[in-house]
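Presented below is the structure to which this report refers.
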Amino acid sequence: MLYDNIEIKNGRLYFAGADTVELAEKYGTPLYLMDENRIRERCREYKSALDSFALEGSCAIYASKACSFGGIYRIIAEEGLGADVVSAGEIFTAKSAGFPMEKAYFQGNNKTDADIRFALDCGVGYFVCDNFEELDALDRIAGERGAVQKILLRVTPGIDPHTYDEVATGKVDSKFGIAVETGQALEAVKSALSKKNLSLEGIHCHVGSMVFDSDVFIRAAAVMLGFAAEIKKVFGFDIKILDLGGGYGVKYYEGQGNIDIPANIKQVAEYVAEKSAELGIKTPSLRLEPGRSIVADAGVTLYTVGSVKKITGYKNYVSIDGGMTDNPRYALYESRYTVITANKADAEPRLTADLVGRCCESGDIIQPAVGFPVDIGRGDIVAVLTTGAYNYSMASNYNRIPRPPIVIVKDGESRVAVKRESLENLIENDVF
Ligand SMILES: *Cc1c(COP(=O)(O)O)cnc(C)c1O
């Protein structure tokens, strides 16, 4: 099986020790399942690798845009990770869940004055500043409160991570961050250091997502440490924190590449220590910002088949009761997934069909050319694997379809973590 929390027993798909067909009956479909133990294991892999190999104080920060709801911030806090937040909504969710906000890092390329005020009110630990206007605005607003705000400066190291264009964010021409290559990042450091109400703690980059090449973070670290050495030379200032962002890839289908994350963290941490010594700068403490690799394989989505359309001589469609509203990733990125018919998991996959959603869009495809049992039909349960990241958090109400619930599975037991949206929820803000 793709992951060790997936099993087939008596022709049925089990996830995190629970029978998925029973869960579909109990909670209805579409249904997001999340394996709590798996989330915790992934957190611990990062934590123990950073504790073992990087400078003391180094830590992993969960990029909560991958999957954001109250309970996940509690799990992350219990595992000792920080959290990346990118909006007032994520800040509010984290704070309401009791997340220790001094471990929150506020990201984003356009924080409004209202966002900045809200984040300061909530006690966000770090702002990851993206541009000159933000430095000015944050300094002004922090000053009005007599506060000094810790910041990291987001720069673009000019690294191509060899991933998809939509998720490559570290190139010089990115909308995120300030370019090192053009000298503008050094100007931004000058600006940050001149501000009374800002405390520059370090520098940040995020080169992209779905990274499998083991040298990507080393190449990013090389540019970033070179930049740190320049900062030291020009301003006599040592950065304390080097944040290399997120982006470790995960496996969505058999035969796809994989990366040993703890081994890569060891390599990166050792490189950072050696290179810092060589450059004559203090070794910075590390931050990594995994999103996908914390939650992706902790998630599975269940659907019920409604119709099977066989267009003789052309192609076949299996339609389900969800779609791009709960998983827009194929529509957005042509992302690949592994699909299993949960109640006929032993059957030979001899019928090839596109797995499609119920939205009024031809592009509403979950996955093309999937193998199904020949007798697949209305009422069968289909499972899409590895949906823990960027599914629930990207879900929409297009076609006024309510969002599915999230059910947490732990040691074979299940409980609702996020309720299914109701029809009443859909109209509660309609005041005209
Ligand atoms: C999206 C994002 C991450 C997480 O990326 P993953 O590929 O999910 O690990 C981390 N940091 C920043 C700044 C991001 O925008």
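The values are calculated or read from the model by the stated rules, or taken from the named source; none is laboratory data. These figures come from a predicted structure and were not determined experimentally. Please note: Cβ atoms are built from the backbone with ideal geometry, for glycine as well, and neighbour counts cover all protein chains shown. These accessible areas exclude ligands, DNA and RNA; they are computed on the full protein's heavy atoms, side chains included. Shrake-Rupley method; radii C 1.70, N 1.55, O 1.52, S 1.80 Å.
Got a sec to turn the phi values of region 127-138 into Karplus ³J(HN,Hα) couplings, 6.51 cos²θ - 1.76 cosθ + 1.60 with θ = phi - 60°, whole Hz, x for Gly and Pro?
After applying 6.51 cos²θ - 1.76 cosθ + 1.60, I find 9, 9, 7, 9, 7, 5, 4, 5, 4, 5, 5, 5 Hz.
So what's Rg/Rh here for the chain, counting alpha carbon atoms and using the Kirkwood radius for Rh?
1.00
With a ≥ b ≥ c taken as the square roots of the eigenvalues of the C-alpha gyration tensor of region 159-274, please select rounded if a/c is under 1.5 and otherwise prolate if a/b is larger than b/c or oblate if it is not? Don't jump to the answer; show the numbers that get you there.
Details: a/c = 2.61, a/b = 1.79, b/c = 1.46.
Note, shape of region 159-274 comes out prolate.
Taking all protein chains as present, what is the carbon and sulfur share of the accessible area of the chain, in % to the nearest whole number, probe 1.4 Å?
Details: 8760 of 18220 Å².
Accessible surface attributable to carbon and sulfur in the chain totals 48 percent.
Can you pull out the chymotrypsin sites (Phe, Trp or Tyr not before Pro) in region 215-319 whose DSSP state is coil and whose Cβ has at most 11 other Cβ atoms within 10 Å?
Within region 215-319, the qualifying chymotrypsin sites (Phe, Trp or Tyr not before Pro) (loop, at most 11 other Cβ atoms within 10 Å) are TYR314.
Using θ = phi - 60° and the Karplus curve 6.51 cos²θ - 1.76 cosθ + 1.60, what whole-Hz ³J(HN,Hα) does each residue of region 19-28 get, with Gly and Pro shown as x?
So the J values, rounded to whole Hz, are 6, 5, 5, 5, 5, 4, 5, 5, 9, x.
Determine the shape class of region 264-407: with a ≥ b ≥ c the square roots of the Cα gyration tensor eigenvalues, call it rounded for a/c under 1.5, and otherwise prolate if a/b is greater than b/c, oblate otherwise. The partial results should precede the final answer.
Numbers: a/c = 3.01, a/b = 2.40, b/c = 1.25.
Here region 264-407 falls in the prolate category.
Determine, from the Cβ-Cβ distance of GLU133 and PHE235 and an R0 of 22 Å, the FRET efficiency 1/(1 + (r/R0)^6), rounded to the nearest 0.05.
0.55
Report, ordered by chain and residue number, the lysines lying within cross-link reach of LYS282, taken as a straight Cα distance under 20 Å and ignoring same-chain residues fewer than 8 apart.
LYS150, LYS190, LYS232, LYS233, LYS240, LYS266
Any lysines with Cα under 29 Å of the LYS410 Cα? List them, leaving off those in the same chain fewer than 8 positions away.
LYS9, LYS26, LYS47, LYS65, LYS95, LYS103, LYS251, LYS344, LYS419
Label points 7 Å out from Cα along the Cβ direction at LEU426 and GLU144: separation in nm?
If labels sit at LEU426 and GLU144, their model points lie 4.0 nm apart.
Rank these by accessible area, largest first, 1.4 Å probe: SER414, SER362, SER293.
Of SER414, SER362, SER293, the descending order of accessible area is SER362, SER414, SER293.
Okay, helix-only estimate at 222 nm for the chain: each DSSP H run of n ≥ 4 adds -39500 (n - 2.57), divide by all residues, round to 500 deg cm²/dmol; what do you get?
Result for the chain: -9000 deg cm²/dmol, rounded to the nearest 500.
Would you please give the FRET efficiency between ALA273 and ASP160, computed as 1/(1 + (r/R0)^6) with r the Cβ-Cβ distance and R0 = 25 Å, to the nearest 0.05? Don't jump to the answer; show the numbers that get you there.
Working: r = 26 Å, r/R0 = 1.02.
With R0 = 25 Å, the Cβ-Cβ based efficiency is 0.45.
Between ARG350 and GLU41, what length comes free when the chain is fully extended (0.36 nm per residue of separation minus the Cα-Cα distance, one decimal in nm)?
Full extension from ARG350 to GLU41 adds 107.7 nm.
If you average the alpha carbon positions of region 258-297 and of region 336-411, how far apart do those two centres end up, in angstrom?
35
May I ask you to list the residues of region 26-50 whose amide nitrogen lies under 18 Å from a point 7 Å from Cα along the Cα→beta-carbon direction of LYS419?
Answer for this model: 27-32.
Going toward the positive end of the dipole of the chain, with +1 on Lys and Arg Cβ and -1 on Asp and Glu Cβ, which of VAL382, MET1, SER214 do you reach last?
VAL382
What does the charge dipole of the chain about its Cα centre add up to, to the nearest 20 debye, if the Cβ of each Lys and Arg holds +1 and the Cβ of each Asp and Glu holds -1?
The dipole of the chain has a size of about 240 debye.
Using the Cα centre as the reference, give the magnitude of the dipole from point charges on the C-beta atoms of region 290-365 (Lys, Arg: +1; Asp, Glu: -1; all else neutral), rounded to the nearest 20 debye.
Charge dipole, region 290-365, about its Cα centre: 180 debye, nearest 20.
Express as a percent, rounded to the nearest 5, the fraction of DSSP beta bridges in the chain (both residues included) that run antiparallel.
In the chain, approximately 50 percent of DSSP beta bridges are antiparallel ones.
Just flag the GluC sites (Glu not before Pro) in region 170-279 sitting in loop per DSSP whose Cβ has no more than 11 other Cβ atoms within 10 Å.
Qualifying residues, ordered by number: GLU254.
Please identify every one of the trypsin sites (Lys or Arg not before Pro) in region 368-421 that sits in a loop by DSSP and has no more than 14 other beta carbons within 10 Å of its own beta carbon.
ARG378, LYS419
GLU56 to ASP260: extension gain in nm, 0.36 nm per residue of separation minus the Cα-Cα distance?
Extra length available between GLU56 and ASP260 comes to 71.2 nm.
Probe 1.4 Å, all protein chains in place: accessible area of LYS150 in Å², nearest 10?
About 80 Å², ignoring ligands and nucleic acids.
Suppose each label sits 7 Å from its Cα in the direction of the beta carbon; what would the CYS360-TYR333 distance come out to in nanometres?
About 2.9 nm, to one decimal.
With the crude spin-label approximation of a point 7 Å out along Cα→Cβ, what separation in nm comes out for VAL172 versus ILE8?
5.1
Report the extension gain between SER396 and SER96 in nm, rounded to one decimal, defined as 0.36 nm multiplied by the number of residues separating them, less their alpha carbon distance.
Numbers: separation 300, 0.36 × 300 = 108.00 nm, distance 2.24 nm.
Difference between extended and current length: 105.8 nm.
So with the 1.4 Å probe, I'd like the accessible area per residue for the chain, rounded to whole Å².
Using a 1.4 Å probe on heavy atoms only, each residue of the chain averages 42 Å².
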